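These notes concern the structure reproduced below.
Any read-out appearing in this document is the output of simple, stated calculations on the displayed coordinates, not a laboratory observation. What you see is a predicted model, and the numbers here were worked out from it, not measured in a lab. All Cβ positions, glycine included, derive from the backbone under ideal geometry; neighbour counts span all protein chains shown.
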Amino acid sequence: MRTIMIVVVLGLTAAMVVQSLRVSRLGAQNEALQQQLTAAQAQVEALEERKPQANTAPASDEGQTELLRLRNQAAQLKQATNELQKLRAQAQQLQAAQQARSAEVPAAAAPPTQTAASAAVPRESWAFAGYATPEAALQSAIFSMSQGDVQTFIASLSPEEAQRVQKSFESKTPEQVAQDGQREMARVKSFQVLGREDLGPDRVALQVYADGEGRVQRVIMQKIGEEWKWAGGTSRRQQPQPTP
């Protein structure tokens, strides 16, 4: 469904661009015809002023022919100008209708926005950063795991993810869980958010590179109330070039 809506948005955008160019082109054509019409009318008026009165000799055939030609040209130009103005009005109406239709497409259907990579965070800089932003909540979870602070680590997870993780701990003692977390994080020299993808008003996906493991993990962060929590993720092996 999201793919279909994205295609609709892109189609409307392309149609609006084409229509805007058409309106601009029609405006230029209309201006050119207006200039030609003004010039033709001026020539007609000039010939009309030189047209003989009733008590003078009749105008020459050449003058009469030129006057008729100019009158005919002026009439044609006026008709073309009127038709062009109608087309321009129709094009503007169509453009307005397309803009209105585009505005009706839900914001969630728009392509997800992405941000550039942030700087790498070395191990010696890790600290509890709270949960005000997805990036801060990510660091808080990583730091608590590296310290063997299981309670804080669980508090950094969404309720569903916390339940899943706690279930995996059932066969271990709290001390074993803490040691496992510290052992796993001991290999990581730094972490870096390579990109952020907004999935909605309360969900984002962070592409996180763990230096020392050669792994990029797609971490889902979820906003619960006023705080962001780690809601799960997937990983793949990769050796990217982290941003300095």
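For the range 114-237, what does the alpha-carbon gyration tensor say about shape, rounded, prolate or oblate, given a ≥ b ≥ c as the root eigenvalues, a/c under 1.5 as rounded, and a/b over b/c as prolate? Intermediate results must be reported in sequence, preceding the final value.
Values: a/c = 1.66, a/b = 1.20, b/c = 1.39.
Note, shape of the range 114-237 comes out oblate.
Per 0.36 nm of contour for each residue apart, how much would the distance between Ser118 and Phe169 grow if the chain were fully extended, relative to their Cα-Cα spacing? Walk me through the numbers before you get to the answer.
Details: separation 51, 0.36 × 51 = 18.36 nm, distance 3.27 nm.
Taking Ser118 through Phe169 to full extension adds about 15.1 nm, to one decimal.
Provide Ser125, Ser156 in ascending order of the number of other Cβ atoms located within 10 Å of each residue's Cβ, fewest first. Let's see the in-between values first.
Working: Ser125 10, Ser156 26.
Going from sparsest to densest Cβ surroundings: Ser125, Ser156.
How far, in nm, would the chain grow between Gln176 and Asp202 when pulled straight, counting 0.36 nm per residue and subtracting the alpha carbon separation?
Numbers: separation 26, 0.36 × 26 = 9.36 nm, distance 3.36 nm.
Here the segment from Gln176 to Asp202 would lengthen by 6.0 nm.
So how much slack lies between Glu227 and Ala32, counting 0.36 nm per residue of separation and subtracting their Cα-Cα distance, in nm? Before the final figure, lay out the partial values.
Working: separation 195, 0.36 × 195 = 70.20 nm, distance 6.10 nm.
Full extension of this stretch gives 64.1 nm more.
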